[in-house]
Amino acid sequence: MVDQPAPFRRVAIIGLGLIGGSLGSAIRKHRLAQHVVAADQRADELALGLKLGIIDEAAESVAAAVTGADLVVIAVPVRATEQVLREVKPALGKDALLTDVGSTKASFVDSVRQVFGQAPITVIPGHPIAGSEKSGVTAANPDLFVGHKVILTPPDSVDEPQLSRLRALWEGCGANVLTMSVAHHDDVLAATSHLPHLIAFSLVDTLAGEDENLEIFRYAAGGFRDFTRIAASDPVMWHDIFLSNQQAVLRVVDHFARDLDQLRNAIANQDSAMLLRVFSRAKAARDHFSKMLSGQAYVTTMSQKKLKFRLQPGSCVTGDIRVPGDKSISHRSIMLGALADGETQIEGFLEGEDSLATLQAFRDMGVTIEGPDNGRVRIHGVGIDGLQAPRGPLYLGNSGTAMRLFSGLLAAQPFDSELVGDASLSGRPMGRVAEPLRLMGAVIDTAEGGRPPLRIQGGRVIKGIHYDMPVASAQVKSCLLLAGLYADGVTSVTEPAPTRDHTERMLAGFGYEVEREGATASLTGGGRLTGTSIDVPADISSAAFFLVAGSIAPDSDLVLRHVGMNPTRVGVINILRLMGANIEVLDEREVGGEPVADLRVRSAKLKGIDIPVAQVPLAIDEFPVLFIAATCASGETVLRGAEELRVKESDRIQVMADGLANLGVNTTVTEDGIVIAGGQIIGGGQVDSHGDHRIAMAFSVASLVATDDIEVTDCANVATSFPGFVELARSVGIKVTAAGE
Ligand code: S3P
C-alpha cells in the first residue's frame with residue numbers, strides 16, 4: 001500500500017481536554033500531521049499531554065501554537081471561544097484552516113465574525129459526535145472517534161480543497177464525516193444531545209433533593225444508572241452549550257414539557273389508551289431508528305446485514321408444520337384496522353420485517369397498536385380521517401407492497417408525507433402507482449425514473465377515475481382502491497389478468513362495499529370502515545418452499561397447516577400439479593372471508609412443462625422455488641410472460657439463473673422468462689441471493705438434492721417474509737445453518 005501524504009503539516013490544538021486530547025492522539029497514531037502542538041491555560045494538563053505522548057509540543061501561548069500551523073482546532077468550552085479566537089487572530093497564517101469541535105455551531109460562527117469581521121480566512125466549523133462523561137486529557141483516547149459521526153458545517157463559499165483535507169483528517173481518525181448547514185446542526189443536536197443531557201442533569205438533581213436521597217441512590221440500579229450516566233459530564237461545558245444554543249434548545253424543551261405533561265395527565269386520569277400509545281410508539285421507534293440508520297429491513301434478530309446460509313445435501317422432508325402468516329393479508333389487516341372505527345383484533349399476523357414496517361408507519365401516524373405478541377395484534381382504529389401527520393419520513397424497509405399501498409392512502413390525507421425504503425426498495429418502479437394517482441388529482445414527486453423516495457403532497461382533492469392497468473399488479477389495484485376510499489365518486493380498476501384480491505375481500509370484511517364485474521373492481525369514496533376480527537392464514541408463498549421440497553426430495557411426506565388458498569394465489573399448486581406433483585388439499589374451510597386448507601405433499605417424479613401464462617400472476621412470488629422444481633424435473637420447462645420478475649426485490653430471472661449456473665445448472669434466460677432443461681445435477685457452490693428473501697429460501701430447498709454443500713450469501717432479508725425459516729426448515733430435514741458472513 002502506498003502511504004498517503006499527511007493532510008496537514010502542523011496542527012495546533014487549543015484546549016487539551018477530552019476531545020482535543022483524543023484528536024491529538026488520533027492524529028499522532030495515524031500520522032495525519034507531521035507535528036501536533038497544543039496550548040492550554042492549564043499548564044499541568046498540557047505537561048501531562050506531552051508526557052502521555054498525546055502531542056509533540058506544548059506551546060507557551062495560543063499565539064505560539066498557532067504560528068506556522070496549517071490547521072487550528074479550537075477545542076475549548078463554547079463560551080470561551082471568543083476570547084481564544086482573539087488570541088489566535090494575530091498569529092493565524094493566511095493559508096491556515098480554522099475549525100472547532102464544539103457542540104453548537106451558530107455560536108462559533110458568531111464568535112468568528114465578532115473577532116475576524118470580514119477578514120478572508122478559511123473557517124469550517126466541526127463537531128465530532130463522540131465523547132464520554134469523563135473529562136480532561138487523562139481520558140483522551142485515540143480511538144474515540146472510530147465509527148462515530150463528525151458533522152462539518154462549511155459555508156456555501158467553502159474552499160473545496162480545504163474541506164477535503166479536513167474530511168481526510170477526520171476520516172483518518174476513523175470517523176464518518178457528513179456535512180450540513182449550521183442551523184440544521186443546531187436543531188438536530190438540541191434534540192438528540194442537548195435535551196437528553198438537560199433531562200439527566202435535572203433528574204439527578206431532583207432525586208438528590210428528595211428527603212430520602214441516600215435511600216434512593218442506594219437502591220437506584222439499572223435504569224437509573226443507564227439513564228443518568230451523562231449527568232456526570234462536565235458542568236462548565238454543558239452550561240456553555242445550553243446558553244449558546246438557546247433558541248433551538250428552548251424549542252425542544254417546550255415540546256418535551258408538553259408531552260411530559262400529557263403523560264402526567266394520562267396517569268392522573270387512568271388513560272391507559274394514551275399510555276399504551278405513547279409507550280408502544282416509543283419502543284417501536286427506538287428499535288426502528290437503529291434499523292433505519294443502517295439502511296436495513298425493519299427489525300428482528302435476523303437482520304444483521306451479513307448473514308449466510310450454509311447448506312448440506314439433505315435427504316427427505318417430513319413433519320407437520322404451520323408456516324408464518326400471509327404477508328399480503330398482514331399488511332392489509334394493519335392498514336384497514338388503523339383506518340376503521342373501533343378495535344380490530346388480528347391473529348396469525350406475520351411478524352416479519354415487511355409487515356412490521358407497515359405497523360410502525362401507522363404508529364408514526366398516531367395509531368395505537370398493541371403487540372404483535374405471538375401473532376396477536378390489537379389495533380385501536382382512528383377512523384378513515386383520523387391519521388396524524390408523521391414527524392418524519394415513513395421508512396418502509398424492503399417492502400414494495402407497503403410503499404405502493406401507502407402511496408394510495410396518503411395521496412388523500414390532509415398532510416404531506418414522504419416514503420423511503422432500503423437499497424432494494426429504492427431501486428423499484430413507483431411510476432406505476434404515481435401516474436394513475438396523479439390522474440386522480442394527487443401530487444407526488446418521485447426520484448429519477450419513478451423510483452423512491454416518494455414525496456406526497458397533502459390537502460389535495462382526490463376524484464374517482466377508471467383505470468385500465470397496463471400490468472397485472474395487485475399492488476397497483478390496491479393502491480387505487482385505497483385512494484378511492486377518499487375520492488369523490490367511483491374508482492374502478494380493470495386488471496389485464498386476475499391478481500390477488502385480498503384488498504377487496506378485506507374491505508368487505510370491514511363493511512365497505514366493493515363491486516366486482518368481470519375484471520373490474522370498483523368502490524365509491526366517502527364510506528367508513530368498522531373494526532373487525534381477522535385470522536391471517538399461513539402464507540402460501542412461504543408454504544411453496546416446502547411444497548417444492550416435499551416434491552423433489554425422495555421419500556418425503558409433509559403436512560402444511562392452515563394455508564391460505566385464495567384462488568388468486570394458488571398458481572404454485574396448479575403449476576406443480578401440472579408438473580406431476582402429489583399435493584393433497586385437505587379440510588378446505590373459510591376464515592374471515594379467505595379460504596384455507598391443510599396441504600399434504602409427497603415426493604413425486606416431476607416433468608417439465610410450458611407454464612400457462614394465465615398462471616403467472618397467480619404464482620408471481622413463487623417462481624424462484626419453481627425454477628428449482630424445474631431443474632429437478634425430466635424434460636424442459638418454459639416460462640414466458642413473467643417480465644415482472646425482473647423488478648421484484650431483485651431481478652429474479654437473472655439472479656436465479658446466475659445462482660443455478662454457480663451450481664453447474666444451465667438455463668436460457670429470455671426477456672420475459674427462462675427455459676430450464678430438467679434432469680440437471682445440482683452441484684455445490686456459492687450463491688449470492690442479492691438480499692432477496694425468496695432467492696435465499698429457494699436455494700435452501702435446492703440443497704436437498706444437491707451433490708455438495710451450498711453457501712448462500714446476503715440472507716438477512718429472509719426475515720422480511722419468513723421469520724424462523726431456518727429453524728422450521730431444519731425441523732423438517734433441510735440441513736441449513738445461518739451464520740454471520
Ligand atoms: C403483493 C402483490 C404482488 C406480489 C407481492 C405482494 C400484494 O406484487 O409480488 O409480493 O400484497 O399486493 P404485484 O402487485 O406488483 O404483482
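The values are calculated or read from the model by the stated rules, or taken from the named source; none is laboratory data. Keep in mind the model is a prediction, meaning the values are calculated, not measured. Cβ atoms come from the backbone with ideal geometry, glycine included; neighbour counts cover every protein chain shown. Side chains are part of the model used for accessible areas, which takes the heavy atoms of the whole protein and leaves out ligands, DNA and RNA. Shrake-Rupley method; radii C 1.70, N 1.55, O 1.52, S 1.80 Å.
The table below lists the values:
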{"quantity": "Meets criteria (among the hydrophobic types (A, V, I, L, M, F, W, C) and open to solvent by 30 Å² or more (accessible area, probe 1.4 Å)) for Val559", "calculated": "no"}
{"quantity": "Candidate set: the stretch 522-534, residues that are within 33 Å of the chain's Cα centre (by Cα) and either of a type in the set (Lys, Arg) or part of a strand (DSSP E or B) (or both); chosen: the one nearest to the ligand (Cβ to nearest atom)", "calculated": "Ile534"}
{"quantity": "Scope the stretch 536-550; condition away from the ligand (no atom under 15 Å from the Cβ) and either assigned to a helix (DSSP H, G or I) or over 13 Å from Ile321 (Cα atoms) (or both); matching residues", "calculated": "Phe546, Leu547, Val548, Ala549, Gly550"}
{"quantity": "Within the stretch 426-441, considering residues that are surrounded by 20 or more Cβ atoms within 10 Å (Cβ to Cβ) and without any contact (Cβ under 8 Å) to a residue 40 or more places away in the chain, the one nearest to the ligand (Cβ to nearest atom)", "calculated": "Met430"}
{"quantity": "Which listed residue is touching a Gly at 6+ places or on another chain (Cβ under 8 Å) and more than 10 Å from the ligand (Cβ to nearest atom), from Arg505, Arg516", "calculated": "Arg505"}
{"quantity": "Residue within the stretch 594-602 that is open to solvent by less than 10 Å² (accessible area, probe 1.4 Å), small (Gly, Ala, Ser), touching a strand residue (DSSP E or B) at 6+ places or on another chain (Cβ under 9 Å) and assigned by TED's automatic domain parsing to the domain that holds Leu728 present", "calculated": "yes"}
{"quantity": "First in the stretch 718-730 and touching a residue at least 12 places away in the same chain (Cβ under 8 Å) and in a helix (DSSP H, G or I), second anywhere and open to solvent by 10 Å² or more (accessible area, probe 1.4 Å) and of a type in the set (Lys, Arg), Cβ under 6 Å, 6 or more apart", "calculated": "none"}
{"quantity": "Filter result for Val146 (within 38 Å of the chain's Cα centre (by Cα) and closer than 15 Å to Ile241 by Cα)", "calculated": "no"}
{"quantity": "The one condition in (1) closer than 26 Å to Asn574 by Cβ; (2) within 16 Å of the ligand (Cβ to nearest atom) that Ala633 fails to fulfil", "calculated": "(2)"}
{"quantity": "Residue among Val146, Val150, Val123, Val158 that alone is open to solvent by less than 20 Å² (accessible area, probe 1.4 Å), of a type in the set (Val, Ile, Thr) and either in contact (Cβ under 8 Å) with a residue 60 or more places away in the chain or assigned by TED's automatic domain parsing to the domain that holds Ala47 (or both)", "calculated": "Val150"}
{"quantity": "Residues of the stretch 566-582 satisfying the condition of being in contact with a Gly (Cβ under 9 Å, 6 or more places away or on another chain) and open to solvent by less than 10 Å² (accessible area, probe 1.4 Å)", "calculated": "Met579"}
{"quantity": "Conditions (1) assigned to a helix (DSSP H, G or I); (2) in contact with a helix residue (DSSP H, G or I) (Cβ under 6 Å, 6 or more places away or on another chain); (3) within 16 Å of the ligand (Cβ to nearest atom): number failed by Asn574", "calculated": "(3)"}
{"quantity": "Yes/no for Arg455 being within 16 Å of the ligand (Cβ to nearest atom), touching a residue at least 12 places away in the same chain (Cβ under 8 Å) and open to solvent by 20 Å² or more (accessible area, probe 1.4 Å)", "calculated": "no"}
{"quantity": "Matching entry among Arg500, Arg516, Arg505 (being open to solvent by 50 Å² or more (accessible area, probe 1.4 Å), in contact with a helix residue (DSSP H, G or I) (Cβ under 8 Å, 6 or more places away or on another chain) and farther than 23 Å from Ala442 by Cβ)", "calculated": "Arg516"}
{"quantity": "Filtered residues of the stretch 605-641 (kept if in a loop (DSSP other than H, G, I, E, B) and surrounded by fewer than 19 Cβ atoms within 10 Å (Cβ to Cβ))", "calculated": "Lys605, Pro612, Gly635, Arg640, Gly641"}
{"quantity": "Selection status of Gly678, over 25 Å from Gly319 (Cα atoms) and either at pLDDT below 95 or open to solvent by less than 10 Å² (accessible area, probe 1.4 Å) (or both)", "calculated": "no"}
{"quantity": "Single match in Tyr486, Tyr467 (criterion: in contact with a helix residue (DSSP H, G or I) (Cβ under 9 Å, 6 or more places away or on another chain), open to solvent by 30 Å² or more (accessible area, probe 1.4 Å) and more than 16 Å from the ligand (Cβ to nearest atom))", "calculated": "Tyr486"}
